[in-house]
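Below is one structure, written out as structure tokens; comments come after it.
The values are calculated or read from the model by the stated rules, or taken from the named source; none is laboratory data. The model shown is predicted, which means the values in this text are computed figures rather than measured ones. Every residue, glycine among them, receives a Cβ derived from its backbone with ideal geometry; neighbour counts consider all protein chains shown.
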Amino acid sequence: MAKYKLEYLWLDGYTPVPNLRSKTLVKEFANFPALDALPQWGFDGSSTQQAEGRSSDCMLKPVAVFPDSTRRNGAIVMCEVMMPDGTTPHPSNTRSTILDDPGAWFGFEQEYFLYQDGRPLGFPTVGFPAPQGPYYCGVGFKAVGDLARKIVEEHLDLCLDADINHEGINAEVAKGQWEFQIFGRGSKRAADEVWVARYILNRLCESYGIDVEYHCKPIRGDWNGSGMHANFSTHYMREKGGKTYFEALMAAFAENVEEHIAVYGPDNHLRLTGLHETQSIDKFTYGLADRGSSVRIPHSFMNNGYMGYLEDRRPNSQGDPYQIASRILKTISSVPTP
């Protein structure tokens, strides 16, 4: 038997953006623990905006477990927050609102800035660097620096060690801005892994004295904001699809613009302006390979007879992937299949 360090991870009750919280449970196992072997565990909800002091108990229900290569016998345990009975989801538990659809696939493109001393990494002490242009997928110290590259490469390795389905990284359009992509089969898997990947990045940056800035428009003016584009498909979209179904689906998205924007991350009006590869927040459009549309249609979708996946470009970098996935699936479920 070995003593395992289990880092229980959850989302607190702060709004509009929950914070990640974690604490360590040490428990003996003969081998790396399976999910069903992990116990529920309590915490003080009065310290996380999830309970009052006179009745502060909340419960953590493990929903996914990942190896943690930064610790000997380490594991990261993603949890849902439950009421004291251990079975009723807490009102802050957004994961519990997702329709359980194993045929739903999601790919999230998480953009973010690395910050040091109150400004993006690589920005001069006073003023701004050269305008956007050379930074996207840039190579060389002038374009991306050395510390940023070191951090994102280490983060990628740690995520792969954790068996997260990390699909890639790249420097983004603005100086100091980066992106990673997570894909998951099942309506909850990718969202779980985005939150765990965020946790790993935040924890890694502690050791470098660097902050991760997820706000969608931390630099005002002629600089790209940060999104979390949501690529999505269902079994029907991949196997049947068709122009009639696609047009009905887009009509449903158009009818629910406000509902989608409400959960696509705060301050999105600063990012969705119609500039910098976005559509205006009050409009809904779709277009083939159009990064200025609300929904981008890949060429592969059209070439395959309106079958495959679509990309909703409106979610922003601070969005909760649980809420984003939940809203997309609710809209899809409102459209009858022929």
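Consider segment 51-65 and keep the residues that are outside any loop (DSSP other than H, G, I, E, B) and over 24 Å from the mean Cα position of the chain (by Cα). The one that is nearest to residue 322 (Cα to Cα) is 58.
In this structure, is residue 169 more than 23 Å from residue 267 (Cβ to Cβ) and either assigned to a helix (DSSP H, G or I) or within 16 Å of the chain's Cα centre (by Cα) (or both)? It is true that residue 169 is more than 23 Å from residue 267 (Cβ to Cβ) and either assigned to a helix (DSSP H, G or I) or within 16 Å of the chain's Cα centre (by Cα) (or both). Please indicate, with yes or no, whether at least one residue in segment 131-146 is without any contact (Cβ under 8 Å) to a residue 12 or more places away in the chain, part of a helix (DSSP H, G or I) and among the aromatic types (Phe, Trp, Tyr). So far as segment 131-146 goes, yes, one or more of its residues are without any contact (Cβ under 8 Å) to a residue 12 or more places away in the chain, part of a helix (DSSP H, G or I) and among the aromatic types (Phe, Trp, Tyr).
Just the residues that are part of a loop (DSSP other than H, G, I, E, B) and of a type in the set (Phe, Trp, Tyr), please, taken from segment 88-129. Of everything in segment 88-129, those that are part of a loop (DSSP other than H, G, I, E, B) and of a type in the set (Phe, Trp, Tyr) turn out to be 123, 128.
Considering segment 154-168 alone, what residues qualify as being under 20 Å from residue 317 (Cα atoms) and surrounded by fewer than 16 Cβ atoms within 10 Å (Cβ to Cβ)?
In the first step, residues of segment 154-168 are kept if they are under 20 Å from residue 317 (Cα atoms); the result is 155-156, 159, 164-168.
Selection gives 167, 168.
Checked against (1) surrounded by fewer than 16 Cβ atoms within 10 Å (Cβ to Cβ); (2) in contact with a helix residue (DSSP H, G or I) (Cβ under 9 Å, 6 or more places away or on another chain); (3) at pLDDT 95 or above; (4) of a type outside the set (Asp, Glu), residue 260 passes all but condition (1).
Just so you know, in segment 106-133 the residues that are hydrophobic (A, V, I, L, M, F, W, C) and out of contact with any helix residue (DSSP H, G or I) (no Cβ under 8 Å at 6 or more places or on another chain) include one that is modelled with the highest pLDDT, and it is 113. Within segment 35-51, being out of contact with any Gly (no Cβ under 8 Å at 6 or more places or on another chain), exposed (fewer than 15 other Cβ atoms within 10 Å of the Cβ) and more than 17 Å from residue 193 (Cα to Cα) holds for 36, 37, 39, 42, 44, 47. Taking the condition assigned to a loop (DSSP other than H, G, I, E, B), over 17 Å from residue 26 (Cα atoms), touching a Leu at 6+ places or on another chain (Cβ under 8 Å) and of a type outside the set (S, T, N, Q), does residue 85 pass? In short, no.
When you go through 148, 248 one by one, which is the residue that is outside the structural domain of residue 7 (by TED's automatic domain parsing) and surrounded by 21 or more Cβ atoms within 10 Å (Cβ to Cβ)? Show your work before the answer.
Details: 248 fails: surrounded by 21 or more Cβ atoms within 10 Å (Cβ to Cβ).
From the options 148, 248, the qualifying one is 148.
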